[in-house]
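Worksheet: one structure, shown below.
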Amino acid sequence: MQHVPLRTNPAAMMKSLSQRILLVDADEALCELLTRFLGDAGYRVSVLHRAAQLPVDMRATLPDLVVMERRFPDLDGFTALKALRGHGDPTPVIVMSSLADAIDRVIGLELGADDYLAKPFVPSELLARIRAVLRRTLAGTQPDGPISSGYAQYKQPDVCFGPYRMVYASRTVLRDGVPLCLTESQFALLSVFAQRPMQTLSRNRLAVLLQGGILESSVNVAIARLREMLPCNAAQPHWIRTVRGEGYRFVPDPAHAGAAS
C-alpha cells in the first residue's frame with residue numbers, strides 16, 4: 001500500500017481536529033502509515049494492536065470512530081464488534097479486511113459495522129469513508145430528512161410501543177426491559193418508522209431515508225426480518241403494517257388499524 005499525499009484545506013482540518021480515531025490492527029507498519037496519513041488530515045489517532053483490549057481502549061480514548069481489522073491472533077474482529085454493539089456502544093466502526101467476499105461483508109454490516117473496506121486499499125479511500133461515516137453519524141435529523149444516527153441520537157427521547165422501548169442513547173430496543181439482539185441496520189430501519197408514526201413510507205422513500213444503508217429491492221426482506229424481531233399479540237396486526245400499493249406504516253397504537261395490515 002503506497003502513501004498518497006493529501007491536500008487539505010485549513011477549514012477541513014480545523015473541523016476534524018476534535019475528532020478521535022481508534023485504529024485497531026495487528027499490522028504495526030500499516031498502523032504507522034495510517035497514523036501519519038490521518039494525522040496529516042487533522043485527526044487524532046490512537047493505535048491498538050489487540051482486539052481483546054478494545055473495551056479498555058474505548059473507555060480510555062473515547063473515539064469518535066473505530067477503524068478495525070477483521071482478523072486478529074487473539075480474538076476475531078467480528079467477536080469484538082458484536083460485543084461492542086451488545087453493550088449498546090453506538091461508536092461508528094469501519095471494518096477493513098482482505099476477506100472481501102460478499103458473505104463476509106454482509107456479516108460485518110449485520111453485526112453493526114458502519115462500513116466495510118477491502119484490503120488492499122489506498123489511504124485516500126479510507127479517509128473518504130471515514131469522512132462519510134462521520135458525516136452520517138454527526139448529522140442531526142430534519143423533519144423530512146435522513147434518519148439521525150450516533151451522537152445526534154443521544155438527544156432523541158425514548159420511543160415506547162406495546163412492550164417495547166427504543167433507547168437512542170444506547171441504540172438498543174428493550175422488550176419488557178430485556179435487550180433484543182437487533183443489528184445496527186435493523187435499529188436504523190425501526191428508527192425511520194418510529195420518528196414518523198402513522199406515515200406511509202414507500203420502499204424508495206425508506207431507501208433514501210436510510211442513506212444507502214439498504215437497497216430499495218431489499219426493503220421487503222428487511223422489514224420481514226424486523227417484524228420477526230418484534231412479535232405482537234396473535235390477534236394484533238404487525239407494528240409495521242403494509243399499506244397495499246403504497247408502502248409501510250408504523251402504528252405504535254394497536255387501536256389505529258386503518259387500512260393497513
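Cβ contacts < 7 Å: first residue closer than 17 Å to Leu65 by Cα and touching a residue at least 40 places away in the same chain (Cβ under 8 Å), restricted to the range 29-52; second residue surrounded by fewer than 16 Cβ atoms within 10 Å (Cβ to Cβ) and among the hydroxyl-bearing types (Ser, Thr, Tyr), any location; separation 6+ or different chain. Result?
Qualifying pairs under 7 Å: Ala41/Thr8.
Residue-by-condition table, conditions (1) among the hydrophobic types (A, V, I, L, M, F, W, C); (2) in contact with a helix residue (DSSP H, G or I) (Cβ under 6 Å, 6 or more places away or on another chain); (3) crowded, with 20+ Cβ neighbours inside 10 Å; (4) not assigned by TED's automatic domain parsing to the domain that holds Leu174:
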residue	(1), (2), (3), (4)
Ala52	yes, no, no, yes
Pro63	no, no, yes, yes
Phe78	yes, no, yes, yes
Ala83	yes, no, no, yes
Ser98	no, no, no, yes
Asp101	no, no, no, yes
Val106	yes, no, no, yes
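Is it the case that some residue within the range 195-204 is among the small types (Gly, Ala, Ser) and modelled with pLDDT under 90?
No, that holds for no residue.
Do you know which residues across the range 38-66 are part of a strand (DSSP E or B), over 19 Å from Ser98 (Cβ atoms) and either under 19 Å from the mean Cα position of the chain (by Cα) or among the β-branched types (Val, Ile, Thr) (or both)?
Val45, Val47, Leu65
Filter the range 179-206 down to the residues that are crowded, with 18+ Cβ neighbours inside 10 Å and among the small types (Gly, Ala, Ser) and list them by number.
Correct list: Ser185, Ala188, Ser191, Ala194.
Residues are listed down the side, and each one gets a yes or a no for (1) at pLDDT 85 or above; (2) in a loop (DSSP other than H, G, I, E, B):
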| position | (1), (2) |
| --- | --- |
| Gln2 | no, yes |
| Leu30 | yes, no |
| Met68 | yes, no |
| Phe72 | yes, yes |
| Arg105 | no, no |
| Leu109 | no, no |
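Go through the range 166-176 residue by residue and tally those that are small (Gly, Ala, Ser), more than 18 Å from Ala83 (Cβ to Cβ) and either modelled with pLDDT of 85 or more or in contact with a His (Cβ under 9 Å, 6 or more places away or on another chain) (or both).
So the first thing to find is which residues in the range 166-176 are small (Gly, Ala, Ser), and the list is 169-170.
Those left that are additionally more than 18 Å from Ala83 (Cβ to Cβ): 169.
Adding the requirement that they be either modelled with pLDDT of 85 or more or in contact with a His (Cβ under 9 Å, 6 or more places away or on another chain) (or both) leaves none.
Number of matching residues: 0.
Considering only residues that are basic (Lys, Arg) and within 28 Å of Leu174 (Cα to Cα), which ones fall in the range 38-86?
Listed by number, the residues that qualify are Arg59, Lys82, Arg85.
Going by the structure shown, is Arg136 modelled with pLDDT of 75 or more and either outside any strand (DSSP E or B) or in contact with a helix residue (DSSP H, G or I) (Cβ under 9 Å, 6 or more places away or on another chain) (or both)?
When the stated conditions are applied, Arg136 passes them.
Of the conditions (1) without any contact (Cβ under 8 Å) to a residue 40 or more places away in the chain; (2) crowded, with 20+ Cβ neighbours inside 10 Å, Ala113 clears all except one; give me its number.
So Ala113 meets the others, but not (1).
The values are calculated or read from the model by the stated rules, or taken from the named source; none is laboratory data. Here the structure is a predicted model, which is why all the values come from computation and not from measurement. Note that each Cβ is placed from the backbone with ideal geometry, even for glycine, and that neighbours are counted across all protein chains shown.
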